[in-house]
Amino acid sequence: MLQGLAIPTGAEIEALAAAAGCELAGVAGIGPVADFGRFAGWVERGYAGRMGYLTDHRAALRADVRELLPPARSVICVGKLYNGPEPYSTEFTDTERGWIARYAWGEDYHRVLRAALSELAGALERLCGPFEWKICVDTAPVLERSLARDAGLGWIGKNTCLINQARGSWFFLGELITSLPLLPNDRLAADRCGNCARCIEACPTAAIVGAPDGRYEIDSRLCISYLTIELRGQVDEELRGRMGRHVFGCDICQDVCPWNRGAAVTEAGVFAPGDFAPSLERLAGLSEDEFQAMFKPTPVERARYRGFLRNVAIAMGNSGSARMLEPLLKLTAHADAVVAEHASWAVRTLESYLDSALGRPQ
Ligand code: SF4
Ligand code: SF4
């Protein structure tokens, strides 16, 4: 199949990936993934929360990409930049607006990255002849960040994100598992976190915790991204007051990272926001159809309508704005018991805040 045909070098793969719209690319070798033990320990410690897709029978598949493509001989890892020129959440002070995580502002990245990796596979087939391949973007049981680190794309920071020294951490990651015998990267990027602990100190819910091996991991059960996207039903009352105005995801541990100061900005218009910090009052009044129309093409849809309204209620409770009381009171009568209960909590929280801000006895 490949006889007589050239196997591309790392530089050629980078060029092909760049032509397909991926700013970072590298090759990871095949074999048991070194971080699998860490992942298994993280699951055992309960840090995956209720994310069954991480803990069920699919968990073991992450040990080796040959579980997904038995003839695999290499993994091309890519990074696609999504950062825009908009402010970071830590710089944004409008208390009547909710925050949507940066990655979720534009079109759903799964489709965009799949298209880029398909284009890359096609270009490689034209160069090397037919080979077997499989595209993975986020949802496949693959330890993406570990593979990307092995492929030389960056290091895994204390915030557990992959960080590229020159370009920062605002990347979607994807993989093209191939049967091609590509030469794997043999130079890991140095870990440049050093003594910095900004992300750990800035996390409002103390979700970045020490791991037994001295590195860091996320206790998802505390992480605002998990609470606003993955968790269905009630949010622990103790955590609600620390969630700020995040209605979908959280960027804080990336916003404060010094490697994201002056981070690269994408030219891909598909990730440009419609309204990256929508009015909380407007969000609270959305019908299910309006929610779908507003967020269907974006990752925000994953929170589902009722989960999203629950998040909006919490954000309004944390807004400190008296103007949020009226829309919140309407939400207390919502047909969904979880939304109504969170709205009642938010009314109590907001009234108590306003009383203390005005010096009224509570
Ligand atoms: S995403 Fe937010 S809540 Fe989660 S670890 Fe980072 S700063 Fe903490
Ligand atoms: S904020 Fe500091 S410790 Fe955290 S990931 Fe960035 S460099 Fe590393």
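The values are calculated or read from the model by the stated rules, or taken from the named source; none is laboratory data. Computed from a prediction, not measured in an experiment: that's the story for all the values here. Counting neighbours? That spans all protein chains shown, and the Cβs are built from the backbone with ideal geometry, glycine included. The protein model used for the area step is the full one, side chains on, heavy atoms only, and it has no ligands, DNA or RNA in it. Shrake-Rupley method; radii C 1.70, N 1.55, O 1.52, S 1.80 Å.
Summed over the range 264-277, the residues that are farther than 19 Å from Leu113 by Cβ and in contact (Cβ under 8 Å) with a residue 60 or more places away in the chain give a count of 3.
Results for (1) in a loop (DSSP other than H, G, I, E, B); (2) under 17 Å from the mean Cα position of the chain (by Cα); (3) in the same structural domain as Ala72 (by TED's automatic domain parsing), shown as yes or no for each residue.
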position: Val112; (1), (2), (3): no, yes, yes
position: Leu117; (1), (2), (3): no, no, yes
position: Leu120; (1), (2), (3): no, no, yes
position: Glu125; (1), (2), (3): no, no, yes
position: Ile135; (1), (2), (3): no, no, yes
position: Val142; (1), (2), (3): yes, yes, yes
position: Ser146; (1), (2), (3): no, yes, yes
position: Asn159; (1), (2), (3): yes, yes, yes
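Is the range 232-247 home to any residue that is under 22 Å from Arg167 (Cα atoms), more than 13 Å from ligand 1 (Cβ to nearest atom) and open to solvent by 50 Å² or more (accessible area, probe 1.4 Å)? The answer is no; no qualifying residue exists.
As for the range 205-216, it holds at least one residue that is within 12 Å of ligand 2 (Cβ to nearest atom), modelled with pLDDT of 95 or more and of a type outside the set (Phe, Trp, Tyr).
In summary, helices (runs of 4 or more DSSP H) completely within the range 191-257 and bearing 2 or more residues that are over 25 Å from Glu96 (Cβ atoms) occur at 198-202.
Within the range 182-202, restricting attention to residues that are open to solvent by less than 50 Å² (accessible area, probe 1.4 Å) and either within 28 Å of Arg126 (Cα to Cα) or in contact with a Gly (Cβ under 8 Å, 6 or more places away or on another chain) (or both), the residue that is farthest from ligand 1 (Cβ to nearest atom) is Leu182. Within the range 196-219, residues that are under 15 Å from Gly249 (Cα atoms) reach partners that are more than 10 Å from ligand 1 (Cβ to nearest atom) with beta carbons closer than 6 Å, at six or more positions or on different chains, in the pairs Asp219/Tyr47.
In the condition set (1) touching a helix residue (DSSP H, G or I) at 6+ places or on another chain (Cβ under 6 Å); (2) under 30 Å from Pro273 (Cα atoms); (3) assigned to a helix (DSSP H, G or I), Leu61 is compliant with all but (2).
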